[in-house]
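Worksheet for the structure shown next.
Since every read-out is calculated from the coordinates, none of them should be taken as a lab result. Here the structure is a predicted model, which means the values were calculated and not measured. Every residue, glycine as well, gets a Cβ built from its backbone with ideal geometry; the counts of neighbours run over all protein chains shown.
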Amino acid sequence: MQSSHSASAPGGAKLAAHFASLDVQKHAARLGMWLFLATEILLFAGLFACYAAYRFLFPEAWAASSRSLDLLMGSINTIVLITSSFTAAMAVHYAKEGKNKLVGHMFFLTLLMAGAFLVIKYFEYKHKFHIGTLPGRYYFYDGIQVPGAPMFFTVYFASTALHAFHVIIGMTVLAIIMVRAYRKGDFGPNNYTAVELGSMYWHLVDLVWIFLFPMLYLV
Amino acid sequence: MTPSSSIAAPGAAPGHEAHHDEHGDHPSYLVDGTTVKSWLLTVDHKRIGIMYMFWVLLFFLVGGIFALMIRLELLTPGPTIMDAMTYNRTFTLHGVVMIFLFMIPAIPAIFGNFMLPLMLGAKDVAFPRLNLLSLYVYLAGAGFALWGMLNGGLDTGWTFYTPYSAHTTTTVAPVLFGAFIIGFSSILTGMNFIVTAHTMRAPGITWFKMPLFVWALYATSCIQVLATPVIGLLLLLVSAENLFNLGMFDVARGGDPVLFQHLFWFYSHPAVYIMVLPAFGVMSEVVSTFSRKNIFGYRAVAYSSVGIAFVGFFAWGHHMFVSGQSTFDAGIFGALSMLVGVFTAIKVFNWVGTVYKGAVEFTTPFAYFCGFLFFTVFGGMTGIAVATVSLDVAWHDTYFVVAHFHFIMVGATIMAFLAALHYWFPKMFGKTYHEGWGLVSAALIILGFNATFIPQFLLGNAGMPRRYYEYPERFQALNVASTAGASLLAFGFVIIALYLTWALIYGKRVDNPWGSKGYEWLTASPPPTHNFVGPQPTYPEEPHFYVDPKKAEVSDAV
Ligand code: HEM
Ligand SMILES: [Cu+2]
């Protein structure tokens, strides 16, 4: 009695007993996801506020430190991430058509690119640890000695690390959906909410990077 | 599925008839599954509400014990029962426990969880499993915070101001991390409620037929969803600052502590409305029920909840009048803060308008309503006073501010919490308590409360700063009065705990003792597991649609 009963509807989607209809249930899931994305945006908004305040206080440090970042790696990462968003969107498209194998493939490609993003990010971080463009008191880079430069890297590491954490969460979610598409293959015209929500989350991860990239690399 | 269910029939009278015999196979949620597992893994919003109640009340007790320790310490001008460091920890833990573990989840997570689906004619909230998850996330966060408290505690005050919080040797990080986790629980609950209000309304319940408690929860949830992430981020940054010295808010490294204050109050000012809006919602229900009248100015009350939620996002600067804000900003923030008072006043006038020419039944919840009205008006007026920049320069960080926010938070929110507890006690447990004891303890609490905090206004006005464990001789008389009041208050709570526990076991079996026509009363008390038997009911009329023959001549009685 305690667990909610479920009934199977055509197309494999489960209707939980407390919803009036499958449409309502889908609407609810989507609305919930949008709200969640709103909280994510506000989470980063706090960091953006820090960024704005300190950029206003230390314009020279911001310009100099930004130039010390590896623009090539940053650009490659941006392209990689945007492409991965495209494959995630394609997965939704195929899920609607019930082409489960393609859904799996698309998410596999997305995951591959996400992994590439993290690897590139790792090399960027490694370089920074090497030359000493590090946050706060760990800063030891001789190349830029303007007040505020360590602060730039505090903001840099805080925001990129938080973003990378989101990439990892997103990868986990997409991996789960991918396995489901390959193993169960039950996505179809009436049952693609999971794919849709997963890819919405991935778009958010992408979107945040699209803000971070110009803010950090193109000052 | 029995379509003939009397509860589900449109416009049916509250189902207090013997439907238990009729639907013998639909036991109440309390007895449907009696194993420990059936409680711990339940997805029933009612059981989750009850479990929240257990924990939230426990933390209320913890916070209350800290409060009494503070008052005991302040009984004499010198050290009384503790040293300065212990005192700093005590008031910090009092604030953290009361705000993050008690006040924010109190009304939404207990009564919101329990009542929201009932009020919308839904079988559950939109995401039942997420709802259970929010409880465990809350407990995980509480666990972290408690662990930090037991292993050193922290002495920064509940506001965690940098740079001090980045440098103090007390255990800041676990408590902050705990608060961060609790934030997630709050976000989950908020999301769930918003989606529930959008998608789970029964046929016939349009937006403007939703009970006002639902409107209040909706506005609260919007704040929870939009403001909590910002403090979540901030708490992470300060923890990192404390552990690794990244320099984000460290002046020595070009950091700006005032930026911390901006981000902190961007959440924490709206958070005060997370605490008070549900209280307003409870009172809109209580005043209708016990005046036997639909609320006066329904739309005004509903919109003003949303208005408060909105304006509340643009008032945070009033906490920083003396933090180096420009005079211009201070003026703007002051004026915007006062707007909140306007919306609150709209509500107050409508509540009073509801009582006017109503058939008042002076029960315990109504007694709390009276206390609530007084404290909201008084506390709100002092809010306007402290939002006046020229005055607040003197009052800031004195006991005047402490009294202001306790009037609103304890005065308004605790009154509403107790009113809700008494009003919905029969709904939740199907039993009733002793009315006489209810009124006695309400009187004790309202009196004790005034005795505690009115002296604090005077102390603050005379210049006693907050957060010190010693004070000059001349402040002693008022401090003694305040401590005496706090004891009275505590005594009132003990009485409540006793008679409610007694009622839980031996209380008289009732269904709808108030004859309330709130939507949540249309089902049995306590409700069956899926809230009602049969298909989704339709609700053609408004909640609290009283057609009282005696009052038929009153034109606005309906
Ligand atoms: C009419 C509406 C209100 C106005 C205009 C108002 C204004 C203010 C102002 C200006 C302060 C800062 C005083 C200072 O630190 O110098 C303040 C502090 C505070 N208010 Fe209000 N307030 C209002 C309602 C509320 C409500 C409804 C609550 C809570 C339920 C609340 C809770 C607090 C708290 C907790 C503080 C102190 C925070 C701290 O420093 O620890 N206020 N209020
Ligand atoms: Cu405020």
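Each part gets one Cα centre, and for the range A:122-140 versus the range B:357-373 those centres are 64 Å apart.
With the alpha-carbon atoms of the range B:90-154 aligned to their principal axes, the span from lowest to highest coordinate is 47, 20, 9 Å, starting with the largest.
Convex hull over the alpha-carbon atoms of chain B: what's its volume per residue in Å³? Each step should come with its number before you reach the end.
Working: hull volume 79.6 nm³, N = 558.
Here the figure is 143 Å³ per residue.
When only the Cβ of Lys, Arg, Asp and Glu is charged (+1, +1, -1, -1), the dipole of the range A:43-217 relative to its Cα centre reaches about 380 debye. Using only side-chain charges placed at the Cβ, +1 for Lys and Arg and -1 for Asp and Glu, the dipole size of the protein assembly as shown relative to its Cα centre rounds to 960 debye.
Dipole of the range B:45-531 computed with +1 at Lys/Arg Cβ and -1 at Asp/Glu Cβ about the Cα centre; of B:531, B:161, B:70, farthest Cα towards the positive end is B:531.
Over the alpha-carbon set of the range A:57-214, divide Rg by the Kirkwood Rh and report the Rg/Rh ratio to two decimals.
My calculation puts Rg/Rh at 1.11.
Quick check on the protein assembly as shown: take the gyration tensor over C-alpha atoms, sort the square-rooted eigenvalues as a ≥ b ≥ c, and tell me if it's rounded (a/c under 1.5), prolate or oblate.
Oblate.
Projecting the Cα atoms of B:270, A:176, B:138 onto the charge dipole of the protein assembly as shown, computed from C-beta unit charges around the Cα centre, puts A:176 farthest toward the positive end. Summing Cβ point charges (Lys, Arg +1; Asp, Glu -1) relative to the Cα centre of the range A:75-161 gives a dipole of roughly 220 debye. Helices that extend 15 Å or more along their long axis by alpha-carbon positions and average at least -1.0 on the Kyte-Doolittle scale are, among the DSSP H runs of chain B, B:45-73, B:84-96, B:128-150, B:173-199, B:212-244, B:257-291, B:298-311, B:327-355, B:364-386, B:415-429, B:435-461, B:476-506. Span-like helix check, chain A: qualifying full DSSP H segments, with Cα axial length of 15 Å or more and mean Kyte-Doolittle of 0.5 or more, are A:22-57, A:71-96, A:100-131, A:149-183, A:193-217. Using the Cα centre of chain A as origin and beta-carbon charges of +1 (Lys, Arg) and -1 (Asp, Glu), tell me which of A:123, A:112, A:161 is placed farthest towards the positive end of the dipole. After comparing all options, I get A:112. Calculated mean residue ellipticity, 222 nm, the protein assembly as shown: -22000 deg cm²/dmol, from DSSP H runs (n ≥ 4) at -39500 (n - 2.57) each, averaged per residue and rounded to 500.
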